[in-house]
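The values are calculated or read from the model by the stated rules, or taken from the named source; none is laboratory data. In this text, all values refer to a predicted model and were calculated from it rather than measured experimentally. In this analysis, Cβ positions are derived from the backbone assuming ideal geometry, glycine residues included, and neighbour counts consider all displayed protein chains. When the accessible area is computed, the model is the full protein with side chains, heavy atoms only, and any ligands, DNA or RNA have been set aside. Shrake-Rupley method; radii C 1.70, N 1.55, O 1.52, S 1.80 Å.
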Amino acid sequence: MRTNRAVSWVLLALGCLYFVLPLIGMVEFSLRMRRGVYSLDAYWVVLADPKFQSTFAYSVVVGLLTIVVGIFIVVPTAYWVRLRLPGLRPYVEFVTLLPLVIPAIVVVFGYIRLYNTSSFLPLTGSATGTNILLVFGYVMLALPYMYRAVDTGLRTIDVRTLTEAAQILGAGWGTIIARIILPNVLLAVLSGAFLTFAIVIGEFTMAALLNRPAFGPYLQFIGANRAYEPAALAVIAFVITWACMAMIQIVSRFAPKTSSRSN
Amino acid sequence: MTEAFLSIQHVRKAFGSTVVVQDFNLDVAPGEFISFLGPSGCGKTTMLRIVAGFEEPSAGRIVIGGKDVTNLKPNQRNIGMVFQAYALFPNLTVAQNIAFGLKVAGTPKAESDARVAEMLGIIKLPEFADRYPYQLSGGQQQRVALARALAARPKLLLLDEPLSALDAKVRLSLRDEIRQIQKKLGITTIFVTHDQEEALSMSDRIVVMHDGHAEQVGTPFEIYNRPATRFVANFVGTLNVLDGVVIDPIAATVRIGEREITLRNGALGAASAGDAVSLALRPEAIVLGRQPGRDASLSGQIADVSFLGSVIRVKVGVGQNAVSLDTFNNSSAQPPIVGDQTEISFSASDLLVLH
Ligand SMILES: Nc1ncnc2c1ncn2[C@@H]1O[C@H](COP(=O)(O)OP(=O)(O)OP(=O)(O)O)[C@@H](O)[C@H]1O
Ligand SMILES: [Mg+2]
C-alpha cells in the first residue's frame, strides 16, 4: 500500500518535471539577454517592437470578432437543434468535430482555391476579404470547443418549456434567444470564448498562408531571426493562454445558480 | 348558457398514426373554470396545447372570443399559461419574470411596474420582487408563474397540472388560492389534472377525458353523482360496481344476487329480459344493516374491515360482487367482524345504470 503510494508520487513528480523543466528552461533563457545577470531586457525589446504591438493588436481584434461571429452562429444553431431537431444532434456534433481531424493547412488551401480572385466570391482579392476569411476560418477552428460548451450549457436548462413559456407571453424568436437562452448559457459561452481566444492568439497556419499580419506569424519570424526574444515571446503567449484558462475557471466559480427545477 | 368565450369544435389530433384527441367539442362560458380530468396519457395536455397553439390540430377549430385562432401562433393568442415544471426564467428576478410579457408587449415602464406590484400583492409575495427563482420554494415559484401568466391580463388562463410537483399541504392551499384569484379576476380558465379531488373541489364544470375524447361534461355534482359511463363512475370516486341481470325492462327491475330491485333512476334503455347490466353504487349511499327509509337491501358476508380514523371502511361480499361502504367510527358500538353475515341497505334511487 505505502510503496504503491510512493510510486504514484514519484510518477507524478516525473510527469510534472517533464512539463515544467522546459518551461523553466525557457523562462530562464529569456532572462539572460544581458550578459552575466538576469534581466527583463528581452521582454522590453519585444514589447517595444512596433511589429509586436501591431500584430498582437491585430490578433486580439480577430479573436474578438471570431468570438462574436461564433456566438451568432453557434448559439442559435445549438438551440434550434435541441429544440426542434434533437435527432440531428449526433450529426451536428460530428460536423463540429471535423476541425479536429482535418488539418488547418488542408482547410486553408481549400479556402484559397474556393475564394481566389477568379472565383464566384473573390475574398482573397482584398485585405478586408481575406480578414473576413480568416475570421470565419477561426470560427471553424473554434467550433468543436464553442459548440460543446454551448450545448452543455443548454443541457442545464429546460429549453423547450422555457421557450414555450416565453412564446405564450408573446415573445418571438429574437427575444427568446436574446433574453432567455443567451443569458442562461452565458457562462458556457464565455468559457468557449476564452478557449477560442487562446486558440486564435497564437494560430500560425491560417494567418501565415493567408498572409495576414497576425501574432502567430510574427512569433515564427522572430523565432527564426533572434536569440532571446523568441523565448520572451513564447513566455508571453504562454501566459496569455493560461490567463484564458484561468478566466474559464474564475467565470465558472462565480456562476450564479440557475436551476429552473427545484423541490 | 351565455355566448361561449372559448369554443373547441370537432378537434382531432393524431401523431403519425396514433390518434391522441378525437372529436373534442367544448363551449366554455366567460369566467368559467373548467377542469380536464382523466388518467395519464388520455390527451389532456395535448388538448390544452392545441388551445395554446403549441400543437396544430389535425382537424377542427379553436375559437376564442368569437375569433378563429386555429392558425395563430402561441405568441399571437394572448393566453396565460402555467406549466407543471414552473418554467420561470432562471436568469430573471421574480419582478422581471412577472414583467416579461408586459415588456414584450411594449408596456410603458411605470405601468408595468405598477402591474408587477399589483400581481405580487395578489400572490402574496410582495417582498420577493428581487429574488431569483432558485431562491424560492416550489409553491412560491408556482405562484410567481401564475402572476407572470396573469400580468398581461389575458382573457384565457391555461394550467397544466400546476400543483402536481408540490407537496400535499402546499397543494391544498395553492388550490384554494388559484380558485380565489380566478374568481376575483373573472378569467376563463382551463385546468388540467389527473386528481379527481382537485377537479371536483375547484371546477365549475369538469370534462372527464378517456382515450382522447370527452367522456362526460358536467358540474362536479353531476359528474360525481350521475356518472354517465362506467369509466367516469370508476375514475371519479371509489365506486361499487354491481353485476345484475335485467328481469323486466319496462318495470325497470333487475336481480342482484338473490334480490330483485326496482330501479328509480336511469332507464335500462334497449335492454331485454335476461341481459347483464352494470349498476353503480357509491360507498356513502350504503349503510350496514337494515334501516327504515332505505327501500333496497342485499345480504352478504363481511370480507374486510379497515380503520381510516373517523370512519371505518367495510368490504362486504355480495354474491360475486365486493361492496365497499363507510360507517362512522362509533367508540361505543361493536365494530363489524370479518366473516359475519350481514345486510346492507340503500335507496334504490342511488343505484345507477352504467353504459
Ligand atoms: N409529440 C408527440 N408525439 C407523439 N405522441 C405524443 C406526442 N405528444 C403526446 N403524445 C402521446 O399522446 C398521448 C396523450 O398525451 P398527453 O400528454 O396529452 O397525455 P396527458 O393526458 O396529458 O397525460 P399525463 O397525465 O401523463 O400528463 C400519449 O399517449 C402520448 O404518448
Ligand atoms: Mg399531461
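Observations on the structure shown:
- Interface area, B with A, accessible, probe 1.4 Å, both sides summed, Å² nearest 100: 2400 Å²
- Spatially, segment B:1-55 and segment B:289-310 are offset by 41 Å when compared through their Cα centroids.
- Per-residue average of Cβ from other chains inside 10 Å of B:88-97: 5
- Two-site FRET efficiency, residue B:197 against residue A:68, from Cβ-Cβ distance with R₀ of 60 Å, rounded to 0.05: 0.65
- Per-residue extension of 0.36 nm, minus the Cα-Cα distance of residue B:129 and residue B:299, leaves a gain of 54.8 nm for this segment.
- Simple label model, 7 Å out from Cα along Cβ direction - residue A:155 to residue A:178, nm: 3.0 nm
- Gap separating the Cα centres of segment A:149-226 and segment B:68-142, nearest whole Å: 30 Å
- Restricting segment A:72-138 to chymotrypsin sites (Phe, Trp or Tyr not before Pro) that sit in a DSSP loop and have at most 14 other Cβ atoms within 10 Å of their own Cβ leaves A:120.
- Between helix B:138-151 and chain B: long-axis angle, C-alpha atoms, 0 to 90°, nearest 10: 60 degrees
- Computed on segment B:121-226, the Cα convex hull volume stands at 118 Å³ per residue.
- Note on residue B:253 and residue A:243: the model spin-label points, each 7 Å out from Cα along the C-beta direction, lie 10.2 nm apart.
- Simple rule: put +1 on each Lys or Arg Cβ and -1 on each Asp or Glu Cβ in chain A, find the dipole, and look at A:33, A:125, A:184; the Cα lying farthest toward the positive end is A:184.
- Computed FRET value (nearest 0.05) for residue B:184 with residue B:332, which takes r as the C-beta separation and R₀ as 35 Å: 0.15
- Note on segment A:49-80 and segment B:235-255: Cα centroid distance 79 Å, given to the nearest whole angstrom.
- Summary value for chain B: 16 percent relative contact order, contacts being C-alpha pairs under 8 angstrom separated by 6+ residues.
- Segment B:240-353: relative contact order as a whole-number percent, Cα under 8 Å and 6+ apart: 32 percent
- If you sort A:16, A:244 by accessible surface, 1.4 Å probe, largest first, the order is A:16, A:244.
- In sequence order, calculated HN-Hα J values of segment B:343-355 (Karplus, 6.51, -1.76, 1.60; Hz; x Gly/Pro): 10, 10, 10, 7, 8, 4, 6, 7, 7, 10, 8, 9, 9
- Rounded to the nearest 10 Å², the accessible area of residue B:173 at probe 1.4 Å: 70 Å²
- Dividing the helix sum by the residues of chain B, where each DSSP H run of 4 or more adds -39500 (n - 2.57), gives a mean residue ellipticity at 222 nm of -7000 deg cm²/dmol.
- Spin-label model distance (nm) - residue B:291 vs residue B:272, 7 Å beyond Cα toward Cβ: 4.0 nm
- Principal-axis tilt of helix A:2-30 within chain A, Cα atoms, nearest 10 degrees: 70 degrees
- For chain A, the fraction of 1.4 Å probe accessible surface lying on carbon and sulfur atoms is 70 percent.
- Filter on B:67/B:155; B:44/B:169; B:13/B:184 - keep pairs with C-alpha separation over 23 Å: B:44/B:169; B:13/B:184
- Accessible area of segment B:6-233 belonging to carbon and sulfur atoms, whole % at 1.4 Å probe: 49 percent
- Length added when fully stretched, residue B:284-residue B:313, from 0.36 nm per residue minus Cα-Cα: 9.4 nm
- A probe of 1.4 angstrom, applied to the heavy atoms of all protein chains, finds residue A:204 with accessible area near 90 square angstrom.
- Look at the alpha carbon pairs under 8 Å that are at least 6 residues apart: their mean separation over the length of segment A:1-112 gives a relative contact order of 7 percent.
- Using a probe of 1.4 angstrom and keeping all protein chains present, the accessible surface of chain B works out to 45 square angstrom per residue.
- Rounded to the nearest 10 Å², the accessible area of residue B:167 at probe 1.4 Å: 90 Å²
- Shielded by partner chains, segment B:116-158 residues - at least 50 Å² of accessible area, 1.4 Å probe, vs chain alone: B:134
- Where trypsin sites (Lys or Arg not before Pro) in DSSP loops with at most 13 other Cβ within 10 Å are excluded, longest remaining stretch of chain B: B:125-263
- The value obtained for segment A:40-252, namely the Cα convex hull volume divided by the number of residues, is 142 Å³ per residue.
- Our helix-only sum for chain A, with -39,500 (n - 2.57) per DSSP H run of n ≥ 4 divided by its residues, gives a mean residue ellipticity at 222 nm of -24500 deg cm²/dmol.
- Per-pair calculated FRET efficiency, R0 = 22 Å: residue A:101 and residue A:12 via Cβ, rounded to 0.05: 0.10
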